[in-house]
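Novice: Take a look at this one; I'll ask things after.
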Amino acid sequence: MAPLTSLGLPLLRLSALHLVKSGPVIGAHAWQQSRSHRLSPTGDEMYQKTTIMRLERDSPEVVFIERYSPTGFIINGNHVVGPCAVIPRSILQWNVGSHEDISVESLSLFHLLVPKIEILVLGTGSRVERLDPAITRFMREKGVAVEVQDTPNACATYNFMISERRVTAAALIPVTE
């Protein structure tokens with residue numbers, strides 16, 4: 001039988017380097033291997049941990065939100081299904097089910113970004129929902145202002161901030177019908 005290192009470890013290292021990208025887009029403290037043997041979460045597990053899945057490679061152009069719907073968003077011509085995080089030059093899947101799932105952990109990506117974002121525009125669905133004050137206080141302590149709006153207004157605010165060349169990110173939950 002072949003040694004473990006020849007079977008999978010180099011592949012895991014390669015994917016780890018692919019997930020944690022240093023430089024101007026994403027900076028992270030360290031990548032930790034977890035549950036790498038499974039292809040997808042099961043049951044409610046999807047909403048227990050915040051995970052990142054890159055939906056589009058880095059784009060040299062500005063990322064604009066074109067449309068929103070109950071199923072997701074059209075961003076730079078790409079259809080994104082479900083909640084998403086729009087960061088400078090990238091679109092990521094954001095694993096939250098509703099505004100109730102938003103936590104310090106689910107927003108941790110946004111204060112780790114390099115260069116540091118100024119404003120996080122948070123779209124909570126069809127209506128503005130209150131967040132736990134500890135969450136906004138935590139983000140403020142990390143130097144990121146959080147603007148909580150309904151998703152239609154959050155999309156417009158994000159596009160406006162990006163057009164002014166502000167370093168902005170959006171965390172969006174689709175509207176309900």
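Novice: Find how much the distance from VAL114 to SER163 grows on full extension, using 0.36 nm per residue of separation minus their present alpha carbon separation; answer in nm with one decimal.
Specialist: Between VAL114 and SER163, full extension yields an extra 15.7 nm.
Novice: With label points built 7 Å along Cα→Cβ from the Cα atoms of SER69 and ASP101, find their separation and express it in nm.
Specialist: About 2.1 nm, to one decimal.
Novice: From the Cα gyration tensor of region 71-147, with a ≥ b ≥ c the square roots of its eigenvalues, which class applies: rounded if a/c is under 1.5, or else prolate if a/b is larger than b/c, or else oblate?
Specialist: In terms of gyration-tensor shape, oblate.
Novice: For THR71, THR168, give the ranking by accessible area with the largest first, probe 1.4 Å.
Specialist: My answer, sorted largest first, is THR71, THR168.
Novice: If you don't mind, there's one more thing I want to ask. Which shape class, rounded, prolate or oblate, goes with region 124-177 when its Cα gyration tensor gives a ≥ b ≥ c as root eigenvalues, a/c under 1.5 marks rounded, and past that a/b bigger than b/c marks prolate?
Specialist: It comes out oblate by the Cα gyration axes.
Novice: Share of region 66-177's accessible area from carbon and sulfur, percent, 1.4 Å?
Specialist: Carbon and sulfur: 50 percent of the exposed surface of region 66-177.
Novice: State to the nearest 20 debye the size of the charge dipole of region 77-177 about its Cα centre, where the only charges are +1 on K and R beta carbons and -1 on D and E beta carbons.
Specialist: 400
The values are calculated or read from the model by the stated rules, or taken from the named source; none is laboratory data. Predicted, not measured: the structure shown is a model, and the values here were computed from it. Using ideal geometry, Cβ is built from the backbone for each residue, glycine included, and neighbour counts are taken over all protein chains shown. Surface areas here come from the heavy atoms of the whole protein model, side chains and all, with no ligands, DNA or RNA. Shrake-Rupley method; radii C 1.70, N 1.55, O 1.52, S 1.80 Å.
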